[in-house]
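Each reported figure results from applying straightforward, stated rules to the coordinates on display, with no laboratory input. Since we're looking at a predicted model, the values are computed, not measured. Using ideal geometry, Cβ is built from the backbone for each residue, glycine included, and neighbour counts are taken over all protein chains shown.
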Amino acid sequence: MTTPTNPTTPTPTPAVTSGAVHVEIRTSIDIDATPETVWGVLTDTAAYPEWNGFIVEWTGDLALGARQNVLLQPAGGKPQRFRPRIVTLDAGRELVWLGRLGIPGLLDGRHRFVVEPLADGRTLLRHEEILAGALVPALRRLLTETTPTGFERMNRELAARAEAATA
């Protein structure tokens, strides 16, 4: 699924699938900026408070195995802080973290950002997460409605920042 940044084009609904104890969220957006610019905005986490209304704080070394400190602000919800660990880092291409609420199996989230080159110097950003664990049924509404909306918001804000950087 691709979301153009043209404000006159409707934004498609994120792809969300849900099972008994898992939820998968898949979003993407075409960005009128180079992959290098998009990756730069994505990984300049110190600047997130300036533009990102969903991940309002992200600190930690962007290195394989490094623990991160992330503060999410879901629309209309309470801020959520967690400390995921980077499990995949392919500079310029892919960043994946694994976060856990408490003990493994309670609520585990594998959050993934992928930057892919498109024709004419444009970029496809894929922003995805797989959540699994015993708390999924209790948190299903948050995970299937509020969280995907936050992903889409961040995607649009990241696209606007990357496109402004190339203007």
Exercise. Restricting region 97-118 to residues that are in contact (Cβ under 8 Å) with a residue 40 or more places away in the chain and buried (at least 16 other Cβ atoms within 10 Å of the Cβ), which is nearest to Q68 (Cα to Cα)?
Worked result: F113
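With the requirement that a residue be of a type in the set (D, E, K, R) and farther than 19 Å from E116 by Cα, what does region 68-106 give you?
K78, R81, R83, R85, R100
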Exercise. Out of curiosity, is E50 under 25 Å from P35 (Cβ atoms), touching a Leu at 6+ places or on another chain (Cβ under 9 Å) and among the charged types (D, E, K, R)?
Worked result: no
Exercise. Does region 119-138 contain at least one residue that is farther than 19 Å from P14 by Cβ and of a type in the set (D, E, K, R)?
Worked result: yes
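Does E94 count as more than 16 Å from G109 (Cβ to Cβ) and surrounded by 15 or more Cβ atoms within 10 Å (Cβ to Cβ)?
yes
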